[in-house]
Amino acid sequence: MSGVPSAEQVPAHVAIIMDGNGRWAGQRGLPRIEGHRRGVQNVRRLVESLAGSSIRDLTLFAFSVENWQRPPDEVEALMDLLVQFLRRERRQLHKHRIRLRGIGRIHELPARVRELVAEVVAETAGYRDHALNLALNYGSRAEVLDATRAIAADLAAGRLAVPPETWEEYRRYLYTGELADPDLVIRTSGEWRLSNFLLLQGAYAELYFCEVPWPEFGPEHFQAALASYARRERRFGRVRAPVLPVAPAEAV
Ligand code: IPE
Ligand code: IPE
Ligand code: MG
């Protein structure tokens, strides 16, 4: 048997709650922003490895709706880092044909972030094989409220005849739209919670928590998460698939 996992064992969509930047910096006597800076370097490395992998979607939790409650200088620095990241990574996204999506209340971001995100999203929209989805000003509860409001507006305007009756109809109103659900959600830095991230889309995601803070989460840790995923059995509420007996080959 080869050691290469089958396509089914490789998650098509990996989502990451990149946590622990601030504590990583604090433990080294550095300002929190240094942790964020290191965290961004890590993101670049991960994004560049996407092209050669069979992972289709990588979704990164970069800024939550709750993160506005942090000190203003930290919020400002995070927005600056985001702009720097997009400026630098733009060329790599084209080179590796990776599509950028923004999920969250993008319209509430500062103009310099919002406009750059919109530009890169538009110019990479044609790439089909891989996508980097940045959760920016994202929160699942805000997303549900926004989806509900959008449905109400469509009903009132006659764009929708009846309210969605199936999840397939409803999910199109989420920020993630047609994006497939995450198969694997990773959270770094030893916190075992989801912090309002992809709560509906991740209903059947496999969860992986590790102690490593995000600035130190390297390819070996990512491989460990993928290996853990490959060992799991996803049942989606069903029972385990029976092992069918192999029919004897017919004599020729
Ligand atoms: C994650 O690291 C990055 C963002 C939330 C933007 P944190 O900044 O939450 O780091 P800790 O959890 O305080 O260590
Ligand atoms: C979640 O991390 C948000 C991001 C990683 C962007 P937080 O650090 O904000 O979450 P809590 O506050 O520990 O739940
Ligand atoms: Mg944190």
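Here is how the numbers come out for the structure above:
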| read-out | value |
| --- | --- |
| Choice from V212, V113, V239 with maximal GNM fluctuation in the chain (Cα, 10 Å cutoff) | V239 |
| Length-normalised contact order for the chain - Cα pairs under 8 Å, 6+ apart - percent | 26 percent |
| Å³ per residue enclosed by the Cα convex hull of the range 50-191 | 149 Å³ |
| Between the range 49-121 and the range 160-230, the alpha-carbon center distance in angstrom | 17 Å |
| Highest-fluctuation residue, R70, R32, R88 considered, GNM on the chain with Cα pairs under 10 Å | R70 |
| Net charge of neighbours whose Cβ lies under 15 Å from the Cβ of V185, counting Lys and Arg as +1 and Asp and Glu as -1 | -2 |
| Rounded D (µm²/s) - the range 103-148, Kirkwood Rh over Cα pairs, Stokes-Einstein at 20 °C, 1.002 mPa s | 182 µm²/s |
| Binned Cα-Cα distance frequencies in the range 173-237 - 5 Å width, integer % | 4, 15, 24, 23, 20, 11, 3, 0 |
| At q = 0.14, 0.19 Å⁻¹, base-10 log of I(q)/I(0) for the range 1-120 (Debye sum, equal scatterers on each alpha carbon) | -0.68, -1.15 |
| Most mobile of F236, F209, F85 in a GNM of the chain (Cα contacts under 10 Å) | F236 |
| Descending principal axes extents, the range 113-189, alpha-carbon based, whole Å | 40, 31, 25 |
| Rounded D (µm²/s) - the chain, Kirkwood Rh over Cα pairs, Stokes-Einstein at 25 °C, 0.890 mPa s | 124 µm²/s |
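No value in this document is a laboratory result; all are computed from the given coordinates. Given the structure is predicted, the values throughout are model-derived calculations rather than measurements. Cβ sites come from the backbone with ideal geometry, for glycine too, and all protein chains shown count toward neighbours.
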